[in-house]
1. Would you mind checking the tilt of helix 214-226 against the longest principal axis of the Cα atoms of the chain, expressed as 0 to 90 degrees and rounded to 10?
2. List T133, T248 from most exposed to least, where exposure is judged by having the fewest other Cβ atoms within 10 Å.
3. For the chain, what does -39500 (n - 2.57) per DSSP helix run (n ≥ 4), summed and divided by total residues, give at 222 nm, in deg cm²/dmol to the nearest 500?
4. Using only Cα atoms, figure out Rg for the range 104-156 and give it as a multiple of 2.2 N^0.38 Å.
5. Just to confirm the number: angle between the C-alpha axis of helix 183-196 and the first principal axis of the chain, 0 to 90 degrees, nearest 10?
6. Write down the Kirkwood hydrodynamic radius of the range 95-195, to one decimal in angstroms, obtained as one divided by the mean of 1/r over all alpha carbon pairs.
7. For a Förster distance of 30 Å, can you work out the FRET efficiency between the beta-carbons of H196 and K73, rounded to the nearest 0.05?
8. Give me Rg over Rh for the range 170-271, both radii from the alpha carbons and Rh done the Kirkwood way, two decimal places.
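Rule-based calculations on the coordinates, nothing more; no lab input. Since we're looking at a predicted model, the values are computed, not measured. So basically every Cβ, Gly included, is an ideal-geometry build from the backbone, and we count neighbours across all protein chains shown.
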Amino acid sequence: MKYTIISIKNSELLENLIIKYGQIVTAQHIFSEASAFTNHSKQDARYIASRYKQTQYLIAILVKQGWLVRIKKGLYAISDLSSRGFLSLSSYVVANLLVKDSYVSFESALHHHGMLDQLTNKIISVSLKMHKTAQLQNIEYSFVKTKADYYFGWHEANIDNKTARIATAEKALIDIINFHKSIYAIDLVIEKLREHKNNLDIARLNEYIGKLSMTTIKIFGFIFDLLAIDSSQLLKLAKQTSGAHRMTAKARTFNAKWRLYYDVYFDKYKL
């Protein structure tokens, strides 16, 4: 990356973009603002096509110089002087910019709520649509597709005067198990529930769990029993079916109360 001095004209362009649109701008915003500098009244198709081509070239130059940071096709963040060439936006905000109908969940949401000490370099979001994984300045953004019935339990957080959709602490714990039924995922949820159950909204947790699959309901009922959390509400739901379910694909030990095959690994938590 070349750290060249920005021209007065381009500096004014970026200043005008920030004033009018803020730090996040689209290619169309840049085209409109750059066109204003020409004081040209022509609006024929050939002229407009030429202006678009010039704007694309200008964008490429500003990205190369570090004044613009590409978030995704047609969407850019304007760098500030102290972090030129680096994205100063919160990774939570970036995740929502990459996919509009999504919310950050899993470990990243737990970190936001103070339940995990370290933020990893991987942000996982729940989305209503399939979206490919994106790599942006050493942060990997991935998206787990869900159906509309499971797209709930998030709030809009204000981070550096920008909005990000982030799962509530309760929904983040549920998503970890609902989408990743593994020993690691269940063990992490048990650990965080044990550490933070006095700070969590158990009524909300029960309400959210009740909207999910029977397997997820039974797993949480099993976990609640391990941690001496009242599981009666979940048990009522579990009794609506006589079938058995598996905690993980390789679970072999049967729990009669929940009609759930679980992994013996979790016997260590028994009271």
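1. 70
2. Working: T133 11, T248 17.
Ranking T133, T248 by Cβ neighbours within 10 Å, fewest first, gives T133, T248.
3. On the way: 10 runs with 113 residues, N = 271.
One gets -12500 deg cm²/dmol as the mean residue ellipticity at 222 nm.
4. Details: Rg = 11.7 Å, N = 53, 2.2 N^0.38 = 9.9 Å.
Expressed relative to 2.2 N^0.38 Å, the Cα Rg reads 1.18.
5. 90
6. Numbers: mean 1/r = 0.0728 Å⁻¹.
Evaluated over the range 95-195, this radius sits at 13.7 Å.
7. Numbers: r = 39 Å, r/R0 = 1.31.
Given R0 = 30 Å and the Cβ-Cβ separation, E is 0.15.
8. On the way: Rg = 12.2 Å, Rh = 13.4 Å.
Reported Rg/Rh, Kirkwood definition of Rh: 0.91.
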